[in-house]
Amino acid sequence: MSTAPDMGLPPEWSDDERMNVMFSEFKENRDVNVTDWDSRMDFWTALIMRGCRRRGSVTVNLQDLNKSFQRKEKTPLGLSTVIQSMARCGKIQRESEFAASVDCGWVSWSVGMLLVKPLKWTFSTLLGSNRVPLEESFVVIELVKEKAAELLKVYRSSDFSSCSIISFQELCTLSSNICADESTLCMALLQLQKDKQVIVSLHEGEKIVKFCQPGQDRVSPASDVDIGIYQLQRSEKLLEERVQKLSLEADRCKEEARILLRDGKKTQALRCLRGRKRVEKRADGLFAKLESIRGILERIAQSQTDKMVMQAYQAGVSALRMSLKDVTVERAESLVDQIQDLCDTQDEVNQTISSGVTAADEDMDELEEELKALLDESEPDVNTSGLPAVPTNRLGPTGEQILSSLPDVPRGHLHVPAGALEEELNRLTLSETGSPQKKATSPGRRAEAAQ
């Protein structure tokens, strides 16, 4: 386990008074001081979780914790109580019991896990005792779930996502950035197997891992078809590596022959060229086998696609059958006949309405003509009043000359002073009523005349 600086220690770690309290033993009875007990428990629990997350580990043991949290040559005295409390709360679980809780043959493939002394202990014995074995390994449940989710995400974003089964060694290489060691990888796989997302099994002495494919709720057991596809993919990879090595060897023979020929060693150069021909012949043979395997894999992939399409067709047929459950040809013909009858009825109604509206329009036209005739009869004859009729012809040359001799109508504004207008008004008044004296003495007469 890492040293104290790697554990993400809190700021109060440098406070001697505070740390003396934290490094002391817990009281046997929590009820004596509940606040102090819970405060110290929360402190060490958070510190253990933080340290494991920083290291990328999902397991802890008391021996490593004592070494990591040493301060001024002092070791915390209450870590054993902290481990027991975390176990009671379900935050941690013994490594052996965590593996045994998964319904799988974990003993057959969990070679990388530290399962030696833990198998001798039982959980009830652990909780009933104040002592925790120093080398007892515990799995931090929260962290192992996070690691399992990261592992599944890495697999689905890799080139291996098209392969439902991969080898354990390939998975180790793939997860090297998220799993610090093989034990962490095994814990993550156990969690995924517990969640029904993977199945780990042995095939011819080799550990293989089958992942749940997208669209599936849970992984299915590895079938003979899955094993066959895995073997074909493995053979394809081996043949590719051999063909590549033979190609490199052929290039090396050709380069060596060129050097020998430059040095004048023609016989040895010919020998190198013959060796190159043999290597190329072997490479051609392996390449032909490689193409055959690739063709088989392509056919298998196509068959799986065809199977998926057939399942889709089957689902479509079932859905169509359910949707047409109450539909028959006789009912369809009956509905069409009813629709045709209704359309014919509607056409007849429309025709009747249209004919009625036309007759009404014709009657209205006749009434309007009769009303016009009555109006013409009631109008008086203009020519009988003794007035000359309005000429309808044009004015003629004489009339046009008279009109042309008249002055134009003024179009601008008249600018006449107000005094001139008053004088003109007075003049018109005098001309109508006589002299000013008469106008002045005639108000009474005008009043009498008005009466």
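The values are calculated or read from the model by the stated rules, or taken from the named source; none is laboratory data. Small disclaimer: the values here were computed from a predicted structure and weren't measured. Every residue, glycine as well, gets a Cβ built from its backbone with ideal geometry; the counts of neighbours run over all protein chains shown. What goes into the accessible areas is simple: the full protein's heavy atoms, side chains included, and nothing from ligands, DNA or RNA. Shrake-Rupley method; radii C 1.70, N 1.55, O 1.52, S 1.80 Å.
Brief remarks on what is shown
- Qualifying residue in region 27-38 (condition: under 46 Å from the mean Cα position of the chain (by Cα), modelled with pLDDT of 85 or more and surrounded by 14 or more Cβ atoms within 10 Å (Cβ to Cβ)): no
To keep it simple, each residue is scored yes or no on (1) outside any loop (DSSP other than H, G, I, E, B); (2) open to solvent by 90 Å² or more (accessible area, probe 1.4 Å); (3) more than 30 Å from I229 (Cα to Cα); (4) at pLDDT below 85.
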| position | (1), (2), (3), (4) |
| --- | --- |
| M308 | yes, yes, no, yes |
| Q311 | yes, yes, no, yes |
| D326 | no, yes, yes, yes |
| R331 | yes, yes, yes, yes |
| L335 | yes, yes, yes, no |
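- Residue pairs meeting the criteria (Cβ under 8 Å; at least 6 apart or on separate chains; first at positive phi, in region 239-261; second open to solvent by 80 Å² or more (accessible area, probe 1.4 Å) and part of a helix (DSSP H, G or I)): none
- Residue list for region 238-279, filter: within 56 Å of the chain's Cα centre (by Cα) and open to solvent by less than 70 Å² (accessible area, probe 1.4 Å): L239, V243, L246, S247, E249, A250, C253, R276, V279
- The listed residues are V336, V279, and the only one of them that is farther than 30 Å from R258 by Cβ and among the β-branched types (V, I, T) turns out to be V336.
- Taken across region 100-115, residues that are open to solvent by 30 Å² or more (accessible area, probe 1.4 Å) and at pLDDT 80 or above do occur, with at least one present.
So that you can scan it fast, the table gives a plain yes or no per residue for (1) touching a residue at least 12 places away in the same chain (Cβ under 8 Å); (2) farther than 11 Å from V140 by Cβ:
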{"site": "G51", "(1), (2)": "yes, no"}
{"site": "V58", "(1), (2)": "yes, no"}
{"site": "D64", "(1), (2)": "yes, yes"}
{"site": "Q70", "(1), (2)": "yes, yes"}
{"site": "L79", "(1), (2)": "yes, yes"}
{"site": "Q84", "(1), (2)": "yes, yes"}
{"site": "C89", "(1), (2)": "no, yes"}
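- Helices (runs of 4 or more DSSP H) enclosed by region 133-237 - at least 3 residues per element that are surrounded by fewer than 18 Cβ atoms within 10 Å (Cβ to Cβ) and not hydrophobic (A, V, I, L, M, F, W, C): 141-156, 168-174
- Test: residue in region 380-388 that is out of contact with any Asp or Glu (no Cβ under 8 Å at 6 or more places or on another chain) and at pLDDT 70 or above: no
- Tabulated pairs, region 194-208, first farther than 11 Å from A222 by Cα, second of a type outside the set (G, A, S) and part of a helix (DSSP H, G or I), C-beta under 7 angstrom, 6+ apart or interchain: Q197/L152; K207/W109; K207/F168
- When D344 is tested against (1) open to solvent by 100 Å² or more (accessible area, probe 1.4 Å); (2) modelled with pLDDT of 80 or more; (3) more than 30 Å from G215 (Cα to Cα), just one condition goes unmet, and that condition is (1).
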